[in-house]
1. Can we say A:PHE531 is open to solvent by less than 10 Å² (accessible area, probe 1.4 Å) and assigned by TED's automatic domain parsing to the domain that holds A:GLY222?
2. If the requirement is being in contact with a Phe, Trp or Tyr (Cβ under 8 Å, 6 or more places away or on another chain), among the hydroxyl-bearing types (Ser, Thr, Tyr) and under 26 Å from A:CYS214 (Cβ atoms), which of these qualifies: A:SER403, A:SER342, A:SER412?
3. In a loop (DSSP other than H, G, I, E, B) and in contact with a helix residue (DSSP H, G or I) (Cβ under 8 Å, 6 or more places away or on another chain), is that true of A:GLY277?
4. Is one or more of the residues making up segment B:453-465 free of Cβ contacts under 8 Å to residues at least 40 places away in the same chain and among the β-branched types (Val, Ile, Thr)?
5. Take the conditions modelled with pLDDT of 95 or more and more than 7 Å from chain A (Cβ to nearest Cβ) and apply them to B:PHE531. Does it pass?
6. Can you find a residue that is outside the structural domain of B:GLY302 (by TED's automatic domain parsing), over 18 Å from B:SER299 (Cα atoms) and open to solvent by less than 10 Å² (accessible area, probe 1.4 Å) anywhere in segment B:482-490?
7. Name the one entry in A:THR316, A:THR296, A:THR366 that is touching a helix residue (DSSP H, G or I) at 6+ places or on another chain (Cβ under 9 Å) and within 26 Å of A:VAL419 (Cα to Cα).
Protein chains: 2
Amino acid sequence: MTPGTGLTAAQLTEKHRPTLDRALEAIRSREFWSPHPEHPKAYGEEAPERGRQAFDALRGRRFELPGQPGSGGWTATEVSPFGLEMGIEYPRADAAAVAELLPALRAGAPAWRAAGPELRAAVCLEILSRISARTHEFGLAVMHTSGQAFMMAFQAGGPHAQDRGLEAVAYAFAEQTRVPAAADWVKPQGKRDPLRMRKEFTPVGLGVALLIGCNTFPTWNGYPGFFASLATGNPVLVKPHPRAVLPLALTVRVAREVLQEAGFDPNLVALAAEAEGDGIAKDLAVRPEVRVIDFTGSSAFGQWLESHALQARVFTEKSGVNSVLIHSTDDYQGMLANLAFSLSLYSGQMCTTPQNLLIPADGIATDAGHRSYEEVVRDLGEAVGKLLGDDARAAALLGAIVSERVRERIESAPELGEVALATREVADPEFPGATVRTPVIVKLDAARPGSESAYLAECFGPVSFAVAVGSAEDGVALLRRVIREKGAMTVAAYTTSPEVERAVEEACFDEPAQLSLNLTGGVYVNQTAAFSDFHGSGGNPAANSALVDGAFVASRFRTVEVRRMAP
Amino acid sequence: MTPGTGLTAAQLTEKHRPTLDRALEAIRSREFWSPHPEHPKAYGEEAPERGRQAFDALRGRRFELPGQPGSGGWTATEVSPFGLEMGIEYPRADAAAVAELLPALRAGAPAWRAAGPELRAAVCLEILSRISARTHEFGLAVMHTSGQAFMMAFQAGGPHAQDRGLEAVAYAFAEQTRVPAAADWVKPQGKRDPLRMRKEFTPVGLGVALLIGCNTFPTWNGYPGFFASLATGNPVLVKPHPRAVLPLALTVRVAREVLQEAGFDPNLVALAAEAEGDGIAKDLAVRPEVRVIDFTGSSAFGQWLESHALQARVFTEKSGVNSVLIHSTDDYQGMLANLAFSLSLYSGQMCTTPQNLLIPADGIATDAGHRSYEEVVRDLGEAVGKLLGDDARAAALLGAIVSERVRERIESAPELGEVALATREVADPEFPGATVRTPVIVKLDAARPGSESAYLAECFGPVSFAVAVGSAEDGVALLRRVIREKGAMTVAAYTTSPEVERAVEEACFDEPAQLSLNLTGGVYVNQTAAFSDFHGSGGNPAANSALVDGAFVASRFRTVEVRRMAP
C-alpha cells in the first residue's frame, strides 16, 4: 500500500493498464489519440488559479528535493524571458555531489529491474497522471523558462509533452515484452528423447541514464528520453538547461514521490542542477556509470557527445535547416496563412520552424494566377503582418525571445540580404519586460555567390530566407543538399505537380527527412502529434533518433536469458 | 516473371510468406523451430556428392561475379586448415574498384526501397532457400576456411546460419511493419470541423551496409547483419576475412542472382575481397556512403570502429572471457561430460567457449560426494581425455586449428601455470595436413598475484583455466568483474544452492550477460539456437548487440512520414 496513491503495485497496474493498452493501440494505428486534454478549461474551474498559486509559491525560494543526496550548495540560474522574478534556488550538483548521486541512483536499480516492465510502466503512468493534474503549474513553469506564450507553454509543455512521455512508455513496454518472460524449448532428436530447456527472459536496464535538457522545450523534448529510460529499468539523472530548470525539477520531484510511494528508491530519479558555466554535462556524459544519454541542443555538443561518450547509447536532437519548397498551390491564401503562422509561432524558436523558403525565381502557379517571386515574398510578408497586426494577439503567438543570442540574430539579419519583411517590436500587454519581436524575412538568390553562407547555416529564431531558385528541380536539389549537409527536422512543399511532389518525396526518402505536403489548414509543419507523427527522422544530421520509435527504446535495455535443462 | 524462380514478385511473396509468418511466431514464442534440417541426409541422397563436386569445381580457379563493377585484379588468400589446396581467386577491391563499387551499390537502392518490407523479405527468403539447397557445398566451404570439422561446418555454417539469417529477416520485417503503411488522422476540434490528415509511412534504408566477416564463423556470424541490412532496404558490401572468403562469396553470388531474377539491381550486394594486408576495412568503414557496419572480430578493431565510424550504426561482436562457476552439482558425471564437450568443440575456437572455470579451493559438493578442487580438475581432464581418446572421433569434434596464433597459444599455455591437462596432437585420418590439438587446462589460483594477467585476458583457442577461488561468493565476484572488465558472450554455473544461483543471476542481470545453469545433457553453453536464444547480451564489452533482437534491426532504417491534408 502506498500512502499517496493508496494503491498496491497490483492496483497501480490495474489503474493504468487501460491507458497503456490504448497507447499501445495508438502507436500501432497512428490514428489520433490523446488522454491529456489540450484545453486549459478541461482541468476544472479552479485549476488555473491553483496552478498560479502553486507556481508563485515556488518562486523566490529554495526548491527542496527531500532525500536526494549530495550537497554542493544552492544555485539560481533562471531568468524569465517575460521579466518575471524567478529566484528559485536548486541544489547544485558539484563534483562532490555527483560522487554521491551516481551510486545513489544505482542503489535502487535491482529492485526497479525486478519490478518488471508492466509495473514500471504503471509507475511511469502514475508520474504522468500526477504531472497532468498540475498542468497549469507546469505550463507557467515552461512559459517562464522558455519564453513560450502561455497557451503554447500550457499545451506543448503540458498535454503534448505528457503524450510524448506516455508514447515512450508504450514503446518501452512493447519492446520489453516482445519476448515472453519464459519459454519452453523442446527440440526433437529423432528416436531419442527431445532436448528440453526452460528459458527465462528478463529485460535489464544498462545503467544510469543522463537526460540533458534544453531551454526551449524542457518537458516536450525531455519526456521521451526520461520515460523511455525509466520504463526500461534505468535510473535517470536529469541535468536541465540552467535557464529552464523548473519544469524538469518539478518532474523529478513528482517522480521521486511516486517512486517512494510505490515502494521503490526515490533516488532512481535525481536532479543535477548547475551554476551557469559549470558545464557538468561534459563530465557526467563520460562517466562509466552513465550508459544512456538523451540530449537536445547544439550540433557542436551533440556531435561531441556522439564521439566522446562511447560508453553510452547517445540519442541526440541537434540543429538543422528546415526547407519549404514553394512551387505551386491551389490555395494561395491558405498556403500564405499556414506559412505565416509557422514562421511566427514561438518566434520561430522551434527546431521544426521552416527557415529556407525555396521559391522559383520566375514565380509560381496559384489558384489566383501566376505570382512572381517578388509577389510571393511580399504576399507572405503581408500575411505575417496581418497575423501579427494586433499586439496582444501577436504576443500570444510569438511569446518572448528566449535569449540575447536570438535577439542579436534578429538584429543582424539585415546584414545577410535584402529585408523583405522587417521585424518589429511588440509590446506584451501583460509583461512589459518581455522582448517580443515579429519575424524577419530576408531575400536571397541561390545563384548568387556568398548566399550559401546564410542559407546553409541554422539561424535559430524568427529569421527566414526567401531563397530564389532557378527552377523546381533546382529547389529540390538544394533541399536535398541542405538536408544531407545540415540536417532537417522538417521539410515542407507546396506543389500541384505530381512530378515535383514525387521528386520531393524521393529526396526525403533518400536523405531521410519528414515531409509535410500542401498544408493549408490548422496543421502546421512545425507541429507533430504523439502516437502518430515522428519528430525528426533520425537519419540526417539534425538528429540521430526519431521521437518515438522502436530504435529509440530498443537499445536502452538488454534481454538477459537464463536457461536450464527442463525437469 | 523472373527467369530463375519463374516467379513474379507476388508469387515470390506468396511462396515465402508462410515461412516468414512461422518465423515471426517463433521469435515471439521463443519455442523451438527451424525450417532448415540439421541432418546431412535430409538434403537427399545425391546432395553430398553434388555438394562435393560443386565445391571442387570452385577450387583452383577464378570466382566470377558477373556484372560486379570495379576491377582491381585478382587475389587468392585462403588456406584450408585441413591442408586442402584452395587456390580460389577473387576480384580484388582496390581503391579504384571501391570507387566504382560504392556508387553501384547505391544505384539500385530507390527501387529496393520501393519494393517495400514484404517483397524485400521474400527476396531474402529466396536467397536463403537457394543457399539451403546447396548446404553441402556451403558446409565444405565453411569447413575448409574455418577449420571446423565437417559435421559442425555443415550444421553451424549451414542450417544454423540460415536460421540466424531468417531470424534477422523476420525481425526486420516486424520492425518495419510496426507502423502501418498509411493512417488517417482525425483530430476533433470541438464545434469546428475536425482536422483530417492522410499520413504515409515508408521505411527507408540508411545507405550502404558494410559486413566485415570473420574467419571462424563466416556465415553464422555474417548472416544476421547481412540479412538485417538487406531486408531493411540497405545495399550490402561484404568484406570477408581474407582466410574465409568463399562462404560469403558464394552468398554474394546467390544474392546477386536472386536480386537480378526478381527484377532488382544485382549490385545491391557486392563482394570486396582483399589481399592479405590490404586492410581495406578501415578505409571502407569511414566512407560517408557507409551507414551501417556489422563486425565480428578483435576487440581492438571493434573498438576502433565504434570510435571512428561515427557516420555509421556499428554493430560489433568482439572478444570476451567466458566463465563457468562450478559450485555444486547433483549430476557430477553429466556436468563433466557437458563441460568436456564444450571445451573440445571446434578446439575451443568459439567466442562462446568457456575459458575460466571458477572452482572453490576447498572443493565442491556433488551427488558422488565431496570433490576437492584437485579432484574436479583431474576428473574434468579425464572426461576430456575420454571424449577425445579416439583420434578419428577427436578430429571430428575438434576440427583443425585455424591459425598459427592459436597454435602458438596452445604451446605457450604451460607458461601461464601448472598444466592439469596437456594438449596432444591428433592425427586426422582424412586430412593428414591438418593441425589438430586437444584442449589444455591450466591451474590458476585467483589469490596468487600475477594470475590475473592470465584469467583476465581472452586466450582464444583450446586453453582454459581452472581458477581456484576462495568461495562461491568470491567466484561470483570474480565472474562479475570479468564480465564488466572484459566482457562475456556466455556465462555458465553449476550449483544446487538457490542462493548461489540467485547471486549468479543477479551478476548476469547487472552486467548483463547470458546465463546457462546446470547444463548436463545435450545442450552446451557454447551453442545457441536461433528464434529462441540470444547470442551475447549486447550489454557488456564482448558485444554491443545481441543476435538478433529489436535493437539489432531497428536503427538500420528510418521511417519517413509524408503527411497531407485529407480531402
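1. no
2. Selected residue: A:SER342, the only one of A:SER403, A:SER342, A:SER412 that is in contact with a Phe, Trp or Tyr (Cβ under 8 Å, 6 or more places away or on another chain), among the hydroxyl-bearing types (Ser, Thr, Tyr) and under 26 Å from A:CYS214 (Cβ atoms).
3. no
4. Within segment B:453-465, none of the residues are free of Cβ contacts under 8 Å to residues at least 40 places away in the same chain and among the β-branched types (Val, Ile, Thr).
5. Yes: the conditions hold for B:PHE531.
6. No: segment B:482-490 contains no residue that is outside the structural domain of B:GLY302 (by TED's automatic domain parsing), over 18 Å from B:SER299 (Cα atoms) and open to solvent by less than 10 Å² (accessible area, probe 1.4 Å).
7. A:THR366
Rundown of residues vs (1) among the polar types (S, T, N, Q); (2) surrounded by 13 or more Cβ atoms within 10 Å (Cβ to Cβ); (3) without any contact (Cβ under 8 Å) to a residue 60 or more places away in the chain, yes/no style:
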position	(1), (2), (3)
B:ILE359	no, yes, no
B:SER372	yes, yes, yes
B:ARG405	no, no, yes
B:GLU418	no, no, yes
B:VAL426	no, yes, yes
B:PRO429	no, no, yes
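The values are calculated or read from the model by the stated rules, or taken from the named source; none is laboratory data. Quick caveat, the model's predicted, so the values are computed rather than measured. Positions of Cβ are backbone-derived with ideal geometry, glycine not excepted, and every protein chain shown enters the neighbour counts. Quick note on the areas: whole protein, heavy atoms, side chains included, nothing else; ligands and nucleic acids left out. Shrake-Rupley method; radii C 1.70, N 1.55, O 1.52, S 1.80 Å.
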